[in-house]
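Read through the structure below, which is laid out as structure tokens, and then see the notes.
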Amino acid sequence: MTAHAQFLDDEPARATVTVAGATLVVAGVTLVADLSGALFWEEQGLLVVSDLHLEKGSSFARRGVLLPPFDTVATLGRLAAVIARHDPRMVIALGDSFHDRTAHDRLSATDREALAALQARRDWIWISGNHDPALPSDLGGVVAEEVAIGPIMFRHEPSGAPGEIAGHLHPKARVSTRGRSMERRCFACDGERAVMPAFGAYAGGLSIRDAAFARIFQSLGFMAHVLGDVRLHTIAASRCY
Amino acid sequence: MFLRWFAGRGWSPRAHQLDLLQKARDDRSALLIAPTGAGKTLAGFLPTLVELSAEVSPVRSSPLPPRSGGEGSGVGGLSAHTTAGELAEAPPTPDPSPPRAMRAGGGEKTPRGLHTLYISPLKALAVDIARNLETPIAEMGLAIKVETRTGDTPVSRRARQRRYPPDILLTTPEQLALLLSSDDAPFLFGSLRRIVLDELHALVTSKRGDLLSLGLARLWQLAPQMRAIGLSATVAEPESLARFLVPQRDGNSEAADIVVAGGAAAPIVEMLDTKERLPWAGHSARHALNEIYDLIKGNKTTLVFVNTRSQAEMLFQELWRMNDDNLAIALHHGSLDVAQRRKVEDAMAAGRLRGVVCTSSLDLGVDWGDVDLVINIGAPKGASRLMQRIGRANHRIDEASRAVLVPANRFEVLECRVAIDAVAENAQDTPPLRTGALDVLAQHVLGRACGEPFLSDELYAEVLTAAPYAGLTRTDFDDTVDFVASGGYALKTYERFARIKQDKTNKPESRWRVTNPRVRQSYRLNVGTIVEESMLKVRLVRGRGGGGSGSTGALGRGGRMLGQIEEYFIEGLVVGDTFVFGGEVVRYEALAEDQVYVSRASDKDAKVPSYMGGKFPLSTYLAERVRKLLDDDKAWKALPEQVRDWLSLQRHVSRVPGARDLLVETFPRADKHYLVCYPFEGRLAHQTLGMLLTRRMERARVRPLGFVANEYALAVWGLGDMSFMIRQGKLDLGALFDPDMLGDDLEAWLAESALMKRTFRTCAVISGLIARRFTGEEKTRRQVLFSTDLIYDVLRKHQPDHVLLRAARADAATGLLDIRRLSDMLARIKGRITHRELTRVSPLAVPVMLEIGREAVYGEASDELLAEAAEELVKEAMDRT
């Protein structure tokens, strides 16, 4: 099988499709949910990504689990693509940007430069998360616990308050039909609050049917905006598990 | 002494048993090929018993306590359960005689080496053999100590076995690997004279065989005097199996001597001559239930083999529904609770059962002399496989085994017919010997580093002596060592986290050793190559009725444990779906952690079919014979009339597939167009073919919608009029089926294939990249904090030639994707495609067409599935108005 070492990076068909986003309304504000898992607030020129978990690979490696060390490169590459698409004025990284407290020290020089290039000419806010509660100041941008813009409050851990956009939970949805099933990352949103999917290449997911989501949304009356291959699909949470 | 013992029981040693003894005297390794019931295991131990009896004086000469009956292991004066503590108190009699002579006194002060190692694929078998060995040893009055070592052996006994080894140790490949990774290995195995490998034909077909071969390679270094005896059922290529038993040297294929046990009575095999109408499709054999029941009733004890767990479930349930005579019929399959399986096995051994419905879970294992009939339901799949199953009846070599084959549909009639012919000719179709897998090698390399530090050059030379690895390149070896050390990544960032290290980097004379004790601990917890499907426990609770919400809230927890079920099956269910499990129809209620809660359903039929296809595809050999049978209408007279009529009609409206070509039919039906082809290459290869064909048809604008595959055929449907397109030259069948689909199309599909990701996960676990069990507190796989699917995606993009991806691709050639078979088929039919344009479905196409809707439609789940779910939402919203 080694004869087939030629891998296609992406299907040609896919590259030509204009990336379609879905529209999310949170507390009266309309946002574009990007297929990559980022959220774009057009009027503010604001791009939000959550749970990058940079250097998760090397974090495991420290404990003897030698996961491929390409996750930071992969995550920053996808981040660069979505930034190029929207050219935001401001970027908010919604917490758990680094997988552990010392992860930023392990960034390679190349990754550091790539990150700096993304930060150039725009405001950058690191919101602290439980994985990275104390970010150093030399990473560029500013560090904050939470950020309020208009009616929206951006913070890492969701509290369920109206107008809140949070991350932390890594929502994913599983859909089944006739014995087939698939599982994808998703935005969870009920019009008043939203939980964003994790952006990091190695970030796993938590089913939106987990009790943690019930605490935030009070009922199953919320929607999963599921990241498909070519577009987002809006599916009732009660239909997923 | 041995002749006396045989004579005492009214036996005389069989020719092959004496042959094996002679091979041992000649200092040769040997492979014994014998059908079940030939006294194979005793034959394997005869050389050991003879050698040991020459070294130990019969215990009659020394005063002995009476033998404690039925005790697990010790024989003739040695306590069966001597603990380390007792040993410390043992009389410190200095032993002036050579080590092996001092036995009967019970003193174990002088550590003695092991004489014989016995390896079995099943731990139950090892325990059973230990019991069987005790009889001749006790009756001949020999002071020989026999012990087992399995995952169930207490830690204290294991520790003692390492210091005070028995004469004969019975164990499994995994335990051997563990022993070899310990510091005691040179001491423990230095004296080893014999190794007996039981059920070798079954072991060598999997990665367990690879692991065992590497263990053997190590043993040949530690104990050059060791000779092997392999015990095997009849196989297609005994010569290549015989190579497994001796070290391979410098590219010369060395082989053990082969001893064949003759004289087995030919089995009596027939096909059930049903009075009922033969079904077109399906695997249930419901039509023959009465006849199956009568067979069980008419015999003393019957084993009823089926191919899948769900078939076993269904059949068991149906048999009990009609069991007016209250016959003792039991169920046995791999996902039932272990305690329940043991109960069935014990009842069987005690002769209390009239019938057992079972899956391959009973293919191997303990002998039951009283089985007088084997019924095989459904497709036999392979000739050798069928013969081994038939051998489960009447384990007396001089009596003929009796078997009845019950085909569940018309195609299976063809398969049963050629299988019966193959059995009559004693034709074998076991798979060829494996090429050793790199993920298993990685596990072995880590295990080696856990013991004495090794030199790369020496280990490479050692590994080459293992037959499956005789062709291993130095590059593959070095990449594997690099992987074990620091991940083997192009990006060299993990040197400081290395698991094994050389004292001086990149110096060939520098030895590799583990960097910290945690690595050793983790290796020991994760040894082995059996990666179980992720299983969930099934518990029976009281149902809530109605359409539950699927949350895990108020449902009562606990509930009786029914057994285990594959996680991927449950993932495809929606709360409220019914399926058959544990012999009854149950309703899916909820999922919590690793527990599935189900309730008893009143439905007679389950809503979701759980026929997931057998583990084994139709063998290439039987497939070829089926094609030949179809091609030769004179041979049809051996077929039932219903089947002959079916084939004649097919010839009339279309044509019958030829022996070497590929028949492709296209026809419209309702508002769709269909393409059906008949490669006869098994479900797995057809599934892969379906994936690749639909990609190509997509590009050719045929607008395919889905496909379904069975063992014999593949049906693809779509919106485009394929007949018309072929007529117009817009669709070229030669190009569609061109072997070049195994190039870019395959790679693009593999990138996303869920089957490929499952294959990769297995390699990641076996190679030790990720752990199944963790040091410290036990965590389940569900709590593992990363997904191998994500790792696969990232690794494939950034280092496509990584050693783990190479290992996964090698597996894909034969495993779930069966790519090699597909590629052989495409080469065979190139330029030999026969197309028939039809106005409607042909008789031969009916079976595969009937699978539509009955089975999960294949096709990787994608956006369509999500879109469908989203669509339901729209519908729901509209309904509300």
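Taken together, the values in this text are just the output of simple stated rules run on the coordinates, not laboratory data. Remember, it's a predicted structure, so these values are computed and weren't measured experimentally. Don't worry about glycine lacking a Cβ; one is built from the backbone with ideal geometry, like all the others, and counts go over all protein chains shown.
Across the stretch B:356-461, the mean sequence separation of Cα contacts (distance under 8 Å, 6 or more residues apart), normalised by length, yields a relative contact order of 25 percent.
Grab the beta carbon distance between B:ARG699 and B:THR135, set R0 = 60 Å, and tell me the FRET efficiency rounded to 0.05. Present the calculation step by step, with values, prior to reporting the outcome.
On the way: r = 68 Å, r/R0 = 1.14.
Calculated value: 0.30.
In a simple Cβ point-charge model (Lys, Arg +1; Asp, Glu -1; nothing else charged), the protein assembly as shown has a dipole of about 1660 debye relative to its Cα centre. Averaged over the residues of A:49-60, the number of partner chain Cβ atoms lying within 10 Å of the residue Cβ comes to 2.
Can you give the local net charge around B:THR301? Use residues other than it whose beta-carbon is closer than 9 angstrom to its beta-carbon, Lys and Arg +1, Asp and Glu -1.
Numbers: positive: B:LYS300, B:ARG354; negative: B:ASP370, B:ASP372.
Taking every Cβ under 9 Å from that of B:THR301, the sum is 0.
Suppose the chain between B:ARG727 and B:ARG840 were pulled fully straight at 0.36 nm per residue; how much longer would it get relative to their current alpha carbon spacing?
On the way: separation 113, 0.36 × 113 = 40.68 nm, distance 1.66 nm.
This chain segment gains 39.0 nm when fully extended.
Note on B:743-751: average number of Cβ atoms from other chains within 10 Å of each residue's Cβ is 4.
With the simple model of a label 7 Å out from the Cα in the direction of the Cβ, A:ASP105 to B:ASP744 spans 4.8 nm. The stretch B:669-709 and the stretch A:18-77 have Cα centres spaced 37 Å apart. Rounded to the nearest 20, the Cβ-based charge dipole of the stretch A:21-239 about its Cα centre (Lys and Arg +1, Asp and Glu -1) stands at 840 debye. Partner shielding of B:789-795 amounts to 6, given as the average count of beta-carbon atoms from other chains within 10 Å of each residue beta-carbon. Counting 0.36 nm for each residue step from B:ARG832 to B:ALA592 and taking away their Cα separation leaves a gain of 81.1 nm. Work out, in µm²/s and without decimals, the Stokes-Einstein translational diffusion coefficient of the stretch A:46-171 at 10 °C, 1.306 mPa s, Rh from Kirkwood over C-alpha pairs. Estimated diffusion coefficient is 106 µm²/s.
Amide H to amide H distances under 5 Å link B:VAL371 with B:ASN394, B:HIS395, where only residues 5 or more positions off or on other chains count and H is placed in the peptide plane. How charged is the neighbourhood of A:GLY140? Take every other residue with its Cβ under 13 Å from the Cβ of A:GLY140, and add Lys/Arg as +1 and Asp/Glu as -1. That sum, taken over residues with Cβ under 13 Å, equals -1.
Both numbers refer to the Cα atoms of the stretch B:268-425; Rg and Dmax are 14.5, 40 Å.
In order along the stretch A:45-54, the Karplus-derived 3J(HN,Hα) couplings, from 6.51 cos²θ - 1.76 cosθ + 1.60 at θ = phi - 60°, round to x, 10, 10, 10, 10, 10, 6, 5, 6, 4 Hz, and Gly and Pro are given as x.
For B:ARG513 and A:ALA144, a Förster radius of 51 Å and the Cβ-Cβ distance give a FRET efficiency of 0.60, rounded to the nearest 0.05. Full extension of the chain segment joining B:ASP482 with B:GLU458 gains 7.1 nm, where the gain is 0.36 nm per residue of separation less the Cα-Cα distance.
If the limit is 20 Å between Cα atoms, which of B:LYS492/B:LYS757; B:LYS492/B:LYS797; B:LYS672/B:LYS730; B:LYS207/B:LYS757 go over it? Let's see the in-between values first.
On the way: B:LYS492/B:LYS757 25 Å; B:LYS492/B:LYS797 17 Å; B:LYS672/B:LYS730 18 Å; B:LYS207/B:LYS757 18 Å.
Result: B:LYS492/B:LYS757 exceed 20 Å.
Ordering B:185-196, A:55-66 by mean Cβ neighbour count within 10 Å, with the highest value first, yields A:55-66, B:185-196.
Taking a ≥ b ≥ c as the square roots of the Cα gyration tensor eigenvalues, with a/c under 1.5 meaning rounded and otherwise prolate when a/b beats b/c, else oblate, which class fits the protein assembly as shown? Oblate is the answer for the protein assembly as shown, as a/c is 1.5 or above yet b/c matches or exceeds a/b. Take every DSSP beta bridge whose two residues both sit in the stretch A:21-239; close to 65 percent of them are antiparallel. The relative contact order of chain A comes to 21 percent, based on Cα pairs under 8 Å that sit 6 or more residues apart. Taking Cβ atoms as reference points and 9 Å as the exclusive limit, the residues near B:THR620 contribute a net charge of -3, counting Lys and Arg as +1 and Asp and Glu as -1.
Would you mind classifying chain A by shape? Square roots of the alpha carbon gyration tensor eigenvalues, ordered a ≥ b ≥ c; an a/c under 1.5 is rounded, otherwise it is prolate if a/b is larger than b/c and oblate if not. Display every interim value, and only then the final one.
Details: a/c = 1.38, a/b = 1.09, b/c = 1.27.
Rounded, because the longest to shortest axis ratio a/c is under 1.5.
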